Amino acid sequence: MPSPAEVVRALADRTASAPVPRGTGRYHYRRTSGWHQHTDRTTAGQVLSASTEFFDREDWVAPDGSGRLLITQGSAVVRPSGYFPPGGLMGDFLVATDLSSVTAALSRRMSPAGAAKAFTTVWLVQVVPPRLQRLLLLWLAERPGLVVEDVDLPGVVVSVPDSAFASTRQLVFDPETGMLLQIRNVEDDGATIGGCTRWLDSGYAESTESRPAAAS
């Protein structure tokens with residue numbers, strides 16, 4: 001039976017079949033959806049109320065950190081939706097083309113326990129073409145504590161411990177292309193899912209009012 005590291009390296013090989021991001025332009029466009037748990041507590045930790053908040057999100061971000069966010073809950077546009085000047089958004093895109101450069105870049109971005117956050121943040125802030133997907137997966141394969149989960153989800157589920165958040169992040173990958181499909185935050189009780197983010201679309205756009213052109 002392959003080890004978790006071998007499973008992740010196999011996913012890295014499958015990125016050769018991943019589609020090239022659509023569109024052209026300076027803006028990295030991403031569309032995600034998901035949900036997170038919202039809990040109100042007293043200063044003593046007593047739970048006053050708990051609810052699940054669902055969201056749809058679109059991001060347009062240029063390399064200089066300018067762009068637009070559009071976040072909706074149901075039919076309502078919610079904060080921090082709006083237009084942002086240069087530096088207003090995270091435009092520190094990872095453009096490394098070899099594993100040593102990816103390793104150095106992610107090492108600068110992560111705390112000692114934050115490998116999961118460093119890995120997923122790349123997907124959350126930019127378009128990730130297949131070549132970069134492969135390098136990120138090869139980096140992930142070297143992280144300690146990986147577990148391949150037998151979970152009833154459509155994809156290969158790899159758990160990454162993240163003690164900085166007293167939780168585990170489940171990363172769900174497309175078994176055919178190695179693309180990241182979703183993140184699930186598993187609370188420290190091992191049973192509660194505190195939130196989920198799913199990738200619906202990504203590519204390049206000419207402006208904050210346009211989306212990647214459909215494949216011809």
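The values are calculated or read from the model by the stated rules, or taken from the named source; none is laboratory data. Please read all numbers here as calculations on a predicted model, not as lab measurements. Every residue, glycine among them, receives a Cβ derived from its backbone with ideal geometry; neighbour counts consider all protein chains shown. Keep in mind that these areas ignore ligands, DNA and RNA; they rest on the heavy atoms of the full protein, side chains included. Shrake-Rupley method; radii C 1.70, N 1.55, O 1.52, S 1.80 Å.
General observations
- Taking a sphere under 15 Å around the Cβ of Asp98 and counting the other residues whose Cβ falls inside, with K and R at +1 and D and E at -1, yields a net charge of +1.
- Placing a pseudo-label 7 Å from each Cα along the Cα-to-Cβ vector at Ser33 and Val20 gives an inter-label distance of 2.9 nm.
- Order by protection proxy (mean Cβ within 10 Å, highest first), peptides 134-144, 203-213: 134-144, 203-213
- Dipole moment magnitude, nearest 20 debye, the chain about Cα centre, only Lys, Arg, Asp, Glu C-beta charged: 520
- Listed residue (Gly155, Trp139, Phe55) projecting farthest to the positive dipole end of segment 37-163, Cβ model: Trp139
- Three-way shape label, segment 74-153, alpha-carbon gyration tensor, a/c 1.5: oblate
- Accessible surface comparison of Arg31, Arg108, Arg57, probe 1.4 Å, protein chains only, largest first: the order is Arg108, Arg31, Arg57.
- Calculated from backbone phi, Karplus (6.51, -1.76, 1.60) coupling profile of segment 173-182 in Hz, x at Gly/Pro: 10, 5, x, 8, 10, x, 6, 6, 9, 7
- Rounded if a/c under 1.5, otherwise prolate or oblate - segment 137-177, Cα gyration tensor axes: oblate
- Cα-based shape type of segment 114-208, given that a ≥ b ≥ c are square roots of the gyration tensor eigenvalues and the cut on a/c is 1.5: prolate
- With all protein chains in place and ligands, DNA and RNA left out, the 1.4 Å accessible area ranks Phe173, Phe55 as Phe55, Phe173, largest first.
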